[in-house]
Amino acid sequence: MKYNRRYIARFTVEAETPLSVGSGEKGISTDRLVAKDANGLPYIPGTSLAGVLRSSLSDMDFTNDVFGFGGENGTGSRLIVSSAHLVGDDGKTVIEGLKNIDLDSEYYAYFKTLPERDHVRITDKGAAAEHAKFDEELVHKGTRFVFELELVGDKNDKEIWSKLLNALASPVFRIGAGTRKGFGKFKIIKDSTKNKVFDLATPNELQAYLNKSSSLNEPMTGWDEITFNTGENNNNWTCYKLVIQPKNFFLFGAGFGDDDADSKPKTERYFEWRNGKPELIKQDCLLMPGTSVKGAIAHRVAFYYNKEKGETIGHSNKVSLATQINIEEAISIAGKRIDIDSAAFPSGSDQWDALEAQINALQVDGIAEWKEFKDALDEEVLAKEISSLPVGENNEAVKALFGYSKNSEQKIDGLRGRVIVNDIYLPYDVKNDKIFNHVKIDRFTNGTIDGALFQEKATQYKDNIILDIWVDKAAFKQDDLIEKAFLSTLDDITSGSLQLGGNSSKGHGVFTGALK
């Protein structure tokens, strides 16, 4: 027998931040629904677990051997990964298969209406893009799941098995979507996580393996405790720990208001485990979404990187040869003649100014064909200026740290983000809220607009907030200035120069502290 060992581990894990494992379907009011089992309860498909585990070990030389690979000489996977199913209200029973459970009972009813997060795509100008709002369903922080791993191997796979287990225990291991914006972090419940190695060459252990049930509720009698080496797979990551405190009011908006104000802080509830059972906390918690913090950091990183590189807006804008030919055609249609150098040149250069002077001397402004072309030219120059702004995916530091999307036309594969910022939950006391009254101002008269009074509710928090930011060291290898820009950004947060959250232009979101 080539593979006479079966390495099996059963994990109980708890979501430390909300979980977003999508079903690929939309709801009536939600753009992205989470995966649910036959009982209508959230679960994590085994394919999702296997995929993220392989991705986290992609730099290991044994990846293809363990997970398999395609092609003419491809092989199947030696790793079997079960789906992760919800732990029931008693804190012990795993809800696997179709069960007769009361979905209206206190615990299971919470999974009927799951938390949702609203998102909107932000343009390079820091404003919301038109028609780019979307929302997604999430699984509560504190929800527990159980799943199993089984490795088909031999005695030489002991080290590989250890690496697989340690990868799951790594603090940078994440499950599901949105892992770079705070979702998918979980912790292992060690007293409910054990493993067993079956030697199939031994009759007793062979029989024990054959008698083993596939049920996740089967007792783990005779199984061993697992000792994790959590630092084994973290050598490529650095954790920057910010200990900060709000200087005054801050607001991470919910996107809607309440009876008191048109805008209020974002709050959520989550499960706490007490006496071995899950309880949804009674009081809402303030939420600092990781995506909001990440967005502020990305914008400031671009600023510092551009400063170091001497990049300025429009520094590389060019007028294409095709555009220059169109200029000649437009003037020709207008009954005029001008010679243009075929070489492209910057739209704000001396050559460009000289060209404009020649065109103006021809007195073509009143000709309809020229006006039509001039409007099109202005649009092209503006589009080139916007597309070449050294921000967002046009900024090398932002691309290296926060990734970029795939572009099939340009044959760009894309890159996953290398910065992880977790959601933060803070105790919430409504007594610390303050309502700010505002009124919209008419930009022409500088007077108030009738009926345009609105209120926003911001809050205070007096204790320290610990913000962990994990960064893949590979992001800094491309250019030393990237790390310099990133550290300068963190300094801005701790010095109060970079506000976090909404309405920062009104004085909200100033934090001070230190980088530990």
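The values are calculated or read from the model by the stated rules, or taken from the named source; none is laboratory data. Everything numeric in this text was worked out from a predicted model, so none of it was measured. Ideal geometry is used to build each Cβ from the backbone, glycine not excepted, and the neighbour counts take in all protein chains shown. Accessible surface areas use protein heavy atoms only, side chains included; no ligands, DNA or RNA. Shrake-Rupley method; radii C 1.70, N 1.55, O 1.52, S 1.80 Å.
Observations
- Using R0 = 22 Å, the C-beta based FRET efficiency linking Phe134 and Ile412 works out to 0.40.
- The listed peptides 418-427, 183-192, ordered by packing as a protection proxy, come out as 418-427, 183-192 (highest mean of other Cβ atoms within 10 Å first).
- Kirkwood radius and radius of gyration were both taken over the C-alpha atoms of region 1-85, and their ratio Rg/Rh is 1.05.
- Net charge contributed by nearby residues that have their C-beta within less than 9 Å of Leu280 (K/R +1, D/E -1): -1
- With a cut-off of 18 Å on the backbone N, no residue of region 30-63 is near the modelled label site 7 Å out from Ala201 along Cα-Cβ.
- Measuring nothing but protein heavy atoms, the accessible surface of region 69-124 at 1.4 Å probe radius is 49 percent carbon and sulfur.
- Whole-Hz couplings from phi, Karplus 6.51/-1.76/1.60, listed for region 180-194; x for Gly and Pro: 8, 10, x, 8, x, 7, 9, 10, 8, 7, 5, 6, 10, 10, 9
- Per residue, the accessible area of region 142-272 comes to 46 Å² when a 1.4 Å probe rolls over the protein heavy atoms.
- The Cα atoms of region 72-221 define a convex hull whose projected area, averaged across directions, is 15.2 nm².
- Peptides 262-272, 6-16, 502-512 ordered by average Cβ neighbours within 10 Å, highest first: 6-16, 262-272, 502-512
- Accessible surface of region 126-279 [probe 1.4 Å, protein heavy atoms]: carbon and sulfur percent: 44
- Gained length - Ala354 relative to Glu272, 0.36 nm times residue gap less alpha-carbon distance: 22.4 nm
- Using the Cβ of Thr193 as centre and a radius below 9 Å, the other residues enclosed give a net charge of +1, where K and R count +1 and D and E count -1.
- Stokes-Einstein diffusion coefficient of region 161-276, Kirkwood radius over Cα pairs, 10 °C, 1.306 mPa s, in µm²/s: 82
- Highest to lowest packing among 28-35, 56-63, scored as the average C-beta count within 10 Å: 28-35, 56-63
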